[in-house]
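Structure record follows, encoded as structure tokens.
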Amino acid sequence: MKKFSLLIITLILAALNSYSQDKPFRVGVGLGFPNLAGLNLEYVTSGFNNKLAANLDYSSIKLKDGEIDFNYSYFELGGNYYFGQKSKGLYGHLSYGIIGFEGNYSDPVYGIGNGKISLNMINLMIGAKWGNRMYIRPEVGFASFFNEAIISVEYTEPTTNVTLTVEEEIPNFLKDGLIYNIGVGLSF
């Protein structure tokens, strides 16, 4: 389903390419939550008089601290609707996001284990794009998770060598809430 959706979006963007504005492509980097640090791509279509844009955010962070491996990823696909002229200024943003987390550890006292979770969410934000060729883009909004927010941890008890699985629900205050982002980039 994901591959099919990406194919459809790619075909639509390719078809609209000949009808779009002078600098419809935007590539930037962003910092914030939930994307932490990542890449942002935007394509302004000719839809609604050059006010509609497709948007993609991607982050992947891998850390290793002693016996612990930590992998965090974020993928977001959505759209922006610019309220001003020439796809600049204030805009509304609606998107679908996926947070992925996986952690592994190996310790002589605590044993070997791993935990993982995947969270699906809908994001609703308001943002602004200031600048032409080089731009800055702050955003703030709200995310709502719609799948079960359960983290599954599997570990091997070192004294008995038995593998155990523990599932914990993420606290309610982490399921929905404020999201924010500030990005910089180039239009071409």
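Just so you know, all these numbers are worked out from the coordinates, no wet-lab data involved. Note that the structure is predicted; figures quoted are calculated from it, not measured. With ideal geometry, Cβ positions are generated from the backbone for all residues, glycine too; neighbour counts draw on all protein chains shown.
Here are a few things to note about the model shown:
- About the centre of its Cα atoms, the chain shows a dipole size close to 1440 debye [charges on the beta carbon of Lys, Arg (+1) and Asp, Glu (-1) only; nearest 20 debye].
- For peptides 89-97, 35-43, 126-134, sequence by mean Cβ density within 10 Å, most packed first: 35-43, 89-97, 126-134
- Top positive-direction residue, dipole computed over the chain with Cβ charges, set Phe70, Thr45, Thr159: Thr45
- When only alpha carbons are used to place a centre, region 55-75 and region 122-179 end up 12 Å from one another.
- Extension reserve of the Leu56-Glu169 stretch, reckoned as 0.36 nm per residue once the Cα distance is removed: 37.8 nm
- Summing +1 for each Lys or Arg and -1 for each Asp or Glu among the other residues whose beta-carbon sits under 15 angstrom from that of Pro108 gives -3.
- A viscosity of 0.890 mPa s and a temperature of 25 °C, combined with the Kirkwood radius over C-alpha pairs in the Stokes-Einstein formula, give region 97-144 a diffusion coefficient of 170 µm²/s.
- Between the helical axis of 2-16 and the longest alpha-carbon principal axis of the chain there is an angle of about 10 degrees.
- Each label point was placed 7 Å from the Cα along the Cα-to-Cβ direction; for Phe188 and Phe101 their separation is 3.6 nm.
- FRET efficiency estimate (nearest 0.05) - Cβ-Cβ, Leu94 to Phe70, R0 22 angstrom: 0.15
- Kirkwood hydrodynamic radius of the chain, from inverse mean 1/r over distinct Cα pairs, in Å: 18.4 Å
- Close amide-amide hydrogen proximity is noted between Thr45 and Leu52, Ala53, Ala54, each under 5 Å apart and 5 or more residues distant or on a separate chain (H modeled in the peptide plane; Pro and chain starts excluded).
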